[in-house]
Amino acid sequence: MVQAIIDISEHANRIISIDKAKYGLKNKSEAINLMAEQYAEEILKLKLRPEYVEKTKKRQKEPIAKVEDFKEHFNLK
């Protein structure tokens, strides 16, 4: 675990205290960890380009080829 001494505004301190109470956390460290996780999920999540999404949707509609022996089909012996 990493320990840090930080300077935050009074407003940020209030927000951390509100999150701590809202989620029933033991201390402000848990509140900051939760906020970091929520930030990562919301802001840092992988976003797909719209053209990739369209390409994938088109491929889902294509017919499926059944292959009995993968190695034989693709000459991998």
Report summary line: Dividing the helical contributions, -39500 (n - 2.57) per DSSP H run of n ≥ 4, by the residues of the chain yields a 222 nm value, nearest 500 deg cm²/dmol, of -17500 deg cm²/dmol
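Taking every eigenvalue of the Cα gyration tensor of the chain, multiplying by 5 and rooting it, what semi-axes result, largest first, whole Å?
The answer is 51, 17, 12 Å, longest axis first.
Each reported figure results from applying straightforward, stated rules to the coordinates on display, with no laboratory input. Everything quoted here is computed from the prediction, not taken from an experiment.
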